[in-house]
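Participant: Before I ask anything, let me first share the structure, which is written out below as structure tokens.
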Amino acid sequence: MSNRLIILAHPDDEMLCLPFLLDEATELNQTDYFLYLTFNSLSESRSRECLYAIRILNQEIRESRLVEFKSVLRDGHGWEDFNVSDIDELFRLLQFLDIDSILTFAYEGGHQDHDLAHVVSKVLQSACQHEIIEFSGYRKHERFPLFVACIPSFKQSKVCFPRWKALKLFLKLAAAHKSQLRVWCLLSLPIMLNLLFGSAYTTRSAFSASSPTGGLFLYELRGKAQRELVENAMHQIIKHCTEDQ
């Protein structure tokens, strides 16, 4: 039996990694622990929606549990709020839950909260040497002014998953997250098409731990100065957390 920690930014992000939750190569007796970095900053209604979504995953896929840590990281501003004491708590969680692997977003520069989930996962991996599996969340298409969902920037291993089950589960989770229904109505078409006809791959980070890349596109913080501010903050998290360990 194995335990996997899934580090995501917000409740409803599980809808972006369904191929990896349904991966046919995953052990059937595995337990998935979901940790949402911004859970404690959410409204009561969104918290209830999250718990309902976890119950759905528990019924439809495998044993799934919500893991909550005490820090209050604000939606969109978790990179400002995160500190070394938070990583200490997460280290203790990994040891207590006997985690074997971590699933998280790749660093794409598409959403600062998603990128924080990646950076936190990398810091944990550096100390615990767990396997880390990265997947694509959002990225800006290179040629067209459209957001592309669930398409990796750097392809690695192809993931095999039951497509119709993934589509059904996507719709059930979208209905569970009622407060975010408008968002998922906008994103649903490219995601559903990809679930039915596209290919899912694990991916790798586009983030260098040595210096800011300066070339990533943040759709919620569009200015170059803001983008560099966020990326420098990510590097400081890595520096302070790894030095503390």
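The values are calculated or read from the model by the stated rules, or taken from the named source; none is laboratory data. Everything numeric in this text was worked out from a predicted model, so none of it was measured. Neighbour counts run over all protein chains shown; Cβ positions are idealised from the backbone, glycine included. Just the protein is used for accessible areas: all its heavy atoms, side chains included, with ligands, DNA and RNA removed. Shrake-Rupley method; radii C 1.70, N 1.55, O 1.52, S 1.80 Å.
Participant: Looking at L66, L116 in this structure, which one is surrounded by fewer than 23 Cβ atoms within 10 Å (Cβ to Cβ) and either out of contact with any Lys or Arg (no Cβ under 9 Å at 6 or more places or on another chain) or not aliphatic (A, V, I, L, M) (or both)?
Facilitator: Every option except L66 fails the conditions.
Participant: Which of the following residues is within 20 Å of Y138 (Cα to Cα) and in contact (Cβ under 8 Å) with a residue 24 or more places away in the chain: I56, I102, I61?
Facilitator: Sole residue among the options that is within 20 Å of Y138 (Cα to Cα) and in contact (Cβ under 8 Å) with a residue 24 or more places away in the chain: I102.
Participant: Suppose we keep only residues that are charged (D, E, K, R), modelled with pLDDT under 95 and assigned to a helix (DSSP H, G or I) within the stretch 14-47. Which one would you say is most open to solvent (accessible area, probe 1.4 Å)?
Facilitator: Here the answer is E44.
Participant: Output yes when any residue across the stretch 28-37 is within 18 Å of D115 (Cβ to Cβ), in contact with a strand residue (DSSP E or B) (Cβ under 8 Å, 6 or more places away or on another chain) and not aliphatic (A, V, I, L, M), and no when none is.
Facilitator: yes
Participant: Please return the ranges of strands (runs of 3 or more DSSP E) entirely within the stretch 88-196 where 1 or more residues are modelled with pLDDT under 90 and among the basic types (K, R).
Facilitator: 138-140, 155-159
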